[in-house]
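Since the structure comes first, as structure tokens, the remarks are kept for the end.
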Amino acid sequence: MTPQRIRKILTVVGARPQFVKAAVVGRRIRSDEFSGLREILVHTGQHYDADMSQVFFDELGIAEPAHYLGVGSGSHGAQTGAIMTRLEEVVALERPDIMLVYGDTNSTLAAALVAAKSSIPLAHVEAGLRSYRRGMPEEVNRVVTDRLSDLLLCPTLTSVENLAREGRLDAQLVGDVMFDIFFHEKKCAIRNASQKFDLEHKSYILATIHRAENTEDRQRLSSIIGGFARVQTPVLLPLHPRTRAALSSFEIPVPPNVKVVAPQSYRNMVGLLLDAMLVATDSGGLQKEAVFARVPCVTLRDETEWLETIEAGWNQLAPGDASGIAECLKRAMEKPAAAPPEYGNGDAAGLILKVIQGYIAK
């Protein structure tokens, strides 16, 4: 009997949310069900701080990367170019059957371009998300990656419909891998995590700020912090290194009701989320996780790619000025939400791998 040929999946990750998504898919690849697949993990180094990177590999049981590109920080062009240059060498060495990417980061875009130029099939997890703000770097990354992808793996019906309007009728609805891992890790979450920061259960707002549109705009960042200052509720702010640097550079003082802490591990964040009364964030992932945890959310942006969270009433977009942000936070704490949107059956990882397995077996 001819032995089964092992098919190589080259998975490219570089940012904190991608580590979480890759954990659940990687775990399934290593199961007996997918013994014909082998994952080669590439960490671009886009997030290189230990609190933003290594802790996720340790805690979530992600296999050590086979290749670490070490690109570090830089402008969008410099970072994307550096990833492409180093990833091309990996592709030439490994000769994968398919490349797998997640989300909308510079790592995602760089990998998509390398796959296209190397004639390697590309599978995009979280395909079809749209904020319809073309000047937003993440939106550019999403659109270009989807155009170059052979497999469009969509988390929601809305994302499938977005792609259909763009002429891509081959998108596949698989569900959301974040939904998979949230409920897997919820059992391991740090219980009463808020007590570590002297906060009471359901008495605080959990906030994160990291997107360039907020951290590179002094007025916008000042308005967000000013909005936090205008509510009486304590705000717990795990601070991204980029945001810490921006607050210092812009000389924006942190108000007394905002408790700044270091970036947290995934399980710590899940525990803090379950304890929170409200989320205020510019993170796409945390918007969804708030829905999973049944915690209302205020998105600190002018738009969101997760439109169904707005339509279901679990999420609100905050206006740009401090008083408007404060009013939005107060309304969200008082308003009961409707039924949550659907994000699959909890086995998005399995569905993704079945689609990939079927594609590369042809």
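Listed conditions (1) outside any helix (DSSP H, G or I); (2) without any contact (Cβ under 8 Å) to a residue 60 or more places away in the chain are all met by Asp302, apart from (2). Please specify each residue of the stretch 345-355 satisfying the condition of being of a type in the set (Val, Ile, Thr) and either closer than 13 Å to Glu33 by Cβ or not in a helix (DSSP H, G or I) (or both). Matches in the stretch 345-355: Ile352 only.
For the residues Ala312, Ala322, Ala262, the requirement of being in contact with a Gly (Cβ under 7 Å, 6 or more places away or on another chain), surrounded by fewer than 22 Cβ atoms within 10 Å (Cβ to Cβ) and farther than 18 Å from Phe183 by Cβ singles out Ala322.
For the stretch 277-295, residues that are farther than 20 Å from Asn214 by Cβ and buried (at least 16 other Cβ atoms within 10 Å of the Cβ) total 5. Scanning the stretch 87-106 for residues that are over 17 Å from the mean Cα position of the chain (by Cα), in contact (Cβ under 8 Å) with a residue 60 or more places away in the chain and not in a strand (DSSP E or B) turns up Leu87, Val90, Val91, Glu94, Arg95, Pro96, Asp97.
Highlighted here are the strands (runs of 3 or more DSSP E) found entirely within the stretch 107-226 that include at least 2 residues which are crowded, with 18+ Cβ neighbours inside 10 Å, out of contact with any Ser or Thr (no Cβ under 6 Å at 6 or more places or on another chain) and assigned by TED's automatic domain parsing to the domain that holds Gly74: 122-125, 151-154.
The values are calculated or read from the model by the stated rules, or taken from the named source; none is laboratory data. Predicted model only: the values in this text are computed from it and were never measured. Backbone-built Cβ (ideal geometry, glycine too); neighbour counts: all protein chains shown.
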